[in-house]
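Working notes, beginning with the structure itself.
The values are calculated or read from the model by the stated rules, or taken from the named source; none is laboratory data. All values reported here derive from a predicted model rather than from experimental measurement. Note that each Cβ is placed from the backbone with ideal geometry, even for glycine, and that neighbours are counted across all protein chains shown. In case anyone asks, the SASA skips ligands and DNA or RNA and just uses the protein heavy atoms, side chains included. Shrake-Rupley method; radii C 1.70, N 1.55, O 1.52, S 1.80 Å.
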Amino acid sequence: MLKLLKIEWLKVKNYRTFWILLVITIASIPGFNYGLYNLMDNSFPKFHGKSILGSPFAFPDVWQTVSWNATMLFLVPAILIITLTTNEFTYKTHRQNIIDGWSRQQFIGVKLFEVLLLSILCTLIVALTTLGFGYIGNKVPEGVSPWAESRFLFFYFVQMVSYSMIAFLLSMLIKRAGLAMGIFFIYMIFENVIVGILHNKYNIKAVEYLPEEVTDRLIPLPYGKALLNQGGLAAWESHIPYYLGGAAIYLLLYCLLTSRRFLKSDL
Amino acid sequence: MNPILSIQSINKFYGSIRALHQVSFEVPSGSVFGVLGPNGSGKTTLLGIVMNVLQASGGSYSWFGEQPSEKQRRKIGTLLETPNFYHYLSGERNLQIAAAIKGHGQEDIPRVLEMVKLSERKDSKFSTYSLGMKQRLAIASCLLGKPSVLVFDEPTNGLDPVGIAETRELIRELAKGGTTIVLASHLLDEVEKVCTHVAILQKGVLITAGDVNEVLMSEDLAELGAADTEKLRTILTAMPGVRQVKQSEQYLQVYLQNGTMNLSGINQYCFDNGIVLNHLQLRKRSLESKFMELTNK
C-alpha cells in the first residue's frame, strides 16, 4: 500500500488545486469554530457572566461542539475527493494506470485508503482544535476530565468517513466533477428536508436511518443543552449503537458498490 | 517457441452490438504484428481487452503463455487509443508516475524523452503540448524500461509526416532489436511497411491472419491489348498459370500465380496463338484493392 500511496503522492504533490482544497479543508475547521466561538462569546446574553447557552467551548462539551461545527464543513473535503477521483476519469488515467501495471483492486484500494487518510487527517484537526479551545480558550472546569465526552471525536470520524464515502461513490458512478458535486450538495439538503418533514411533522422514525441522517444523529446539536429535556438525551444515548451499526452497514455498502463497479465494468 | 500473445475465441458485446466475434490468433515472439481494419472494426476493443481495461463477453487470452495479470502488463509498453496523462503535470512528472507503476526507477526517463525528441519540453505541462507531442510522450512512456513487448494503437495518429516517418523507423529499429510489437492501424501502407505478420478485422470478425507477405501479397498483373479482344481473352484464359482475366476500360488484365510473371513469355504465347499484341504492360495490384478483396469476402 505504501508503494501505491507514493504513486498517488506523485499525482498530487504538484497539483495546485489539491493544495488549495487541502488547506481550505484544514484551515476551515479551526477557523469556522473560532468564528462561532466569537459569536457565542459576544452575541448571546449572559447570566451571572455565563452565556445562556452554557459553556459549549469548555471541557467536556467542547468535544461535541467542535465536532458538530466541523460536520457543517463536509462539503469542502467532499469537493477534494470528487476532484481527485473524477480527474482520473476526465483524463482517462484510470485506464492508463491499469494498462501500465496496476490491478483494478490496487486502483480502488488506494483510492479507498485515501478517503480514510483524509478522514483521519480531518479528525486529527478536530482533535487539535478541541484541545486548543478546551485548554487555551477556556479553563478546565474543576472536577471535569478533559477526555470526558471525547467519544464525539470518534463520532465525527464515523460521520466524516461516511460523507467522504458518499462523495467517493458519486464520483465513481457519475465520473463528472460538476455533476457529482451538485448531486452531493443537493442530496445533503434534500435528506435534511425529508427528515424535517417526515420525522418532525409525521413522526416517522425510520428516516433516522437514511444514509446521512444516521451519522448526523451521532452528534446532536451542542448548543443550549441545558434547555433539552433529560429524556431526549437518554433516548439518544440508547440509540448510539443503532446509529453506529447503521453507519457501518452503509459504509460496507459504499465499499462494495464502488469496488464492484470498478472491478467488473469496462474502463 | 511460445507465442507472446495468444487470443482464443474472444467475443465482445456492447449491449446488443457485437463488437468482436470469436476472434482467435497468436502473436509470434519477435514479430511486428499488425492488427489491420477499418475504423470501427474492433481493433481498439481487442487491445483494450488484452490490456484489461475492457471485459470480454467470452473467450480468453494469455500473455507469455501465462494467465493474464498486472505483472505481465508492467512488462509491456502500451499506447491505447489516446495518450492518457495528467494534464496539470509536466511531461517528465507524468513519466515518473508511469515508471513508478511499472516498477522502474526514474533513470530511464531522460533516454526515452530524448528518443521522442521531447527533452526540451519535459518541464512543460501536458496540457500545453500539441497533439503530436502528446502522442510522442505516450510513445516515450511505452519505451520506459525497454519492454520486450510493445502494443501500439494507431501510433502515428496526430503526427506530422516527419513524425510518422520517425515513428515507423523507431518501430523498425525496436523490431530489429528483438522487441515484439503489436500494431493496430487502419493504414494499409503502415502495416505493409513495418509489419511481419497481420490480422485483418472487419466488423469484429477476423478475416484472416498470418505472414504479411502471404496475406497482403501484392500480386502482379499484366495489362494486354489486341485488335481482337475476344480471341485474346479466349487464349489468355487457356494460358498455363493464369488465375484470372478481367476486362479493364480498354485492355484485359491478367492475374498470374505469384512469381510466374514473364512479359516476353506472354508475348510469345499470344503470338504463337495468332494474336499480335498492341499493348503489354506490367502493373502492380494496389494494396487497397487486395484489402477490399479480403474484406468483401
Pairs of alpha-carbon atoms within less than 8 angstrom and 6+ residues apart define the contacts here; what relative contact order does chain A have, in percent? 26
Relative contact order %, chain B, counting alpha carbon pairs below 8 Å whose residues are six or more apart: 20
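Taking the Cα centre of region B:1-106 as origin, sum charge times position over the Cβ atoms of Lys and Arg (+1) and Asp and Glu (-1), and report the length of that vector in debye to the nearest 20.
Around 100 debye, computed over region B:1-106.
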Counting only residues 5 or more places away or on other chains, whose amide H sits under 5 Å from the amide H of A:ILE204 once H atoms are built in the peptide plane? A:HIS199
Any chance you could look up the accessible area of A:TRP19 with a 1.4 Å probe, heavy atoms only, rounded to 10 Å²? 100
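List the longest stretch of chain B that has no exposed loop site; here a site is one of the GluC sites (Glu not before Pro) assigned by DSSP to anything other than H, G, I, E or B, with at most 15 other Cβ within 10 Å. Walk me through the numbers before you get to the answer.
Working: sites that count: B:GLU107, B:GLU249.
Formally, the longest exposed-site-free interval is B:108-248.
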Grab the Cα-Cα distance for B:SER60 and B:SER130, subtract it from 0.36 nm times how many residues apart they are, and report the gain in nm with one decimal. 21.4 nm
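Which value, in debye to the nearest 20, gives the size of the charge dipole of the protein assembly as shown about its Cα centre, when Lys and Arg are +1 and Asp and Glu are -1 at the Cβ? Write out the running numbers ahead of the final one.
Values: 53 positive and 45 negative charges, 163 e Å.
Rounded to the nearest 20 debye, it is 780 debye.
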Residue-wise HN-Hα coupling along region A:130-137, computed from phi with Karplus coefficients 6.51, -1.76, 1.60 (Hz; x: Gly, Pro): 4, 5, x, 5, x, 9, 8, x
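Sorted by accessible area (1.4 Å probe), largest first, how do B:SER69, A:SER238 line up?
Details: B:SER69 40, A:SER238 65 Å².
I get A:SER238, B:SER69, largest accessible area first.
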With all protein chains present, calculate the accessible area of A:CYS255 using a 1.4 Å probe and round the result to the nearest 10 Å². 50
Could you identify which residue out of A:ALA234, A:ALA58, A:ALA247 has the top mean-square fluctuation in a GNM of chain A using Cα springs shorter than 10 Å? A:ALA234
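Give me the extension gain from A:LEU39 to A:LEU75: residue separation times 0.36 nm, minus the current Cα-Cα distance, reported in nm with one decimal. Kindly include the intermediate steps, with their values, before the conclusion.
Working: separation 36, 0.36 × 36 = 12.96 nm, distance 2.23 nm.
Result: 10.7 nm gained on full extension.
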Taking Cα pairs under 8 Å and at least six residues apart, what relative contact order does region B:137-294 come out at, in percent? 20
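Would you rank B:ARG121, A:ARG176 by solvent-accessible area, highest first, keeping every protein chain in place and using a 1.4 Å probe? Don't skip to the end; give the middle numbers.
Working: B:ARG121 80, A:ARG176 160 Å².
Greatest to least solvent exposure: A:ARG176, B:ARG121.
Do the sum for chain A: with -39,500 (n - 2.57) for every DSSP H run of n ≥ 4, divided by all residues, what is the mean residue ellipticity at 222 nm, to the nearest 500 deg cm²/dmol? Please report the intermediate quantities before stating the final value.
Values: 10 runs with 184 residues, N = 267.
Mean residue ellipticity at 222 nm (helix-derived): -23500 deg cm²/dmol.
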Pull up all non-local amide H partners of B:ILE4: gap of 5 or more, or a different chain, and H-to-H distance under 5 Å with H placed in the peptide plane. B:VAL27, B:SER29
For chain A, set up a Gaussian network in which alpha carbons nearer than 10 Å are linked by springs, and say which option among A:GLY143, A:GLY31, A:GLY245 fluctuates the most. A:GLY143
With the charge dipole of the protein assembly as shown built from beta-carbon charges (+1 for Lys and Arg, -1 for Asp and Glu) about the Cα centre, the Cα from A:PRO56, A:LEU10, B:TYR269 projecting farthest to the positive end belongs to A:PRO56
Across 10 Å bins from 0, what is the distribution of all Cα-Cα pair distances for region B:116-250, in whole percents? 9, 29, 23, 16, 12, 7, 3, 0
Note down, for chain A, the three equivalent ellipsoid semi-axes (square root of 5 times each alpha carbon gyration tensor eigenvalue), biggest first, whole angstrom. 36, 22, 16
Spin-label point model (7 Å from Cα, Cβ direction): what's the B:SER16 to A:LYS6 distance in nm? 5.2
GNM, chain A, Cα, under 10 Å: largest mean-square fluctuation among A:ALA206, A:ALA248, A:ALA167? A:ALA206
Expressed in square angstrom to the nearest 10, the accessible area of A:ILE108 with a 1.4 Å probe stands at 10
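In what order, largest first, do B:ASP108, B:ASP153, A:ASP266, B:ASP228 sit by accessible area if the probe radius is 1.4 Å?
On the way: B:ASP108 25, B:ASP153 0, A:ASP266 50, B:ASP228 75 Å².
Largest to smallest exposure gives the sequence B:ASP228, A:ASP266, B:ASP108, B:ASP153.
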What is the helix-to-structure angle for A:2-12, meaning the angle in degrees between its Cα long axis and the longest Cα principal axis of chain A, kept from 0 to 90 and rounded to the nearest 10? 90
Going by alpha carbons, how many degrees (0 to 90, nearest 10) lie between the helix axis of A:75-90 and the longest principal axis of chain A? 0
By how many nm would the segment from A:LYS264 to A:ASN192 lengthen if fully extended, with 0.36 nm per residue of separation less the alpha-carbon distance? 22.6 nm
Spelling out what I want: for every residue of region B:199-205, take phi, set θ = phi - 60°, compute 6.51 cos²θ - 1.76 cosθ + 1.60 (Karplus), and round to whole Hz; glycine and proline get x. 10, 10, 10, 9, 6, x, 10
Residues of region B:141-178 with backbone N under 14 Å of the label point set 7 Å from the Cα of B:LYS117 along Cα→Cβ are B:159-170
Positive end of the dipole of chain A, charges at C-beta (+1 Lys, Arg; -1 Asp, Glu), about the Cα centre: which of A:THR65, A:THR86, A:TYR209 has its Cα farthest in that direction? A:THR86
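R0 = 35 Å: FRET efficiency of B:LEU280 with B:LYS193, Cβ-based, nearest 0.05?
Details: r = 30 Å, r/R0 = 0.86.
With a Förster radius of 35 Å, E is 0.70.
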